[in-house]
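Remarks on the structure that follows.
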Amino acid sequence: MMKMCNICEEEKPIEEFHWADKEHRYRRGTCMACKNAGSRVRNKHPAVRLSKRDASRKARRANHERLLEYIGGKYVCEYCGYTDECTAPFDFHHIDRTSKELGVGNMMQLSWERVKSEVDKCIILCSNCHRKVHKCKDYVFYEED
């Protein structure tokens, strides 16, 4: 069985086309050779080289900084007083676990209003203090409700 490629307009064997939907036995309109050639051309462009993971990491970092500015505008651990210009060593800690809807890091794709309502339930801790709170039973520095 033969199929016409949408790009090179050559008639090729059906096996040279990727499956679009194997369950319904439907193949893509572009042959494998044209698909691969297009990918190589697109990946040479500097803007495309930035992988989705890198773009996601950059967006998360920007959102983290925006959240820290919203919660107080200062990068200071509320327990030990550690301060830093960089936002990386700081975490959001939910004071009341039962009111936690999602982790703040997992909410970056949601609306800003929903993220703000979740952040209002948190305090800023440095990474060391945050880990101590969760791992050390005797490390409690605030009254839990």
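The values are calculated or read from the model by the stated rules, or taken from the named source; none is laboratory data. Since the model is a prediction, treat every value here as computed from it, not as a measurement. Note: ideal-geometry Cβ built from the backbone for every residue, glycine included; neighbour counts use all protein chains shown.
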Filter segment 9-28 for residues that are exposed (fewer than 15 other Cβ atoms within 10 Å of the Cβ) and part of a strand (DSSP E or B); which is modelled with the lowest pLDDT? D21
Looking at segment 51-73 only, could you name the residues that are modelled with pLDDT under 80, surrounded by 11 or more Cβ atoms within 10 Å (Cβ to Cβ) and either over 23 Å from V115 (Cα atoms) or of a type in the set (K, R) (or both)? R57, K58, R60, R61
Please go through segment 86-122 and pick out each residue that is of a type outside the set (D, E, K, R), free of Cβ contacts under 8 Å to residues at least 24 places away in the same chain and crowded, with 16+ Cβ neighbours inside 10 Å. M107
Just one of the numbered conditions (1) closer than 10 Å to I123 by Cα; (2) at pLDDT below 85 is not true of E101; which one? (1)
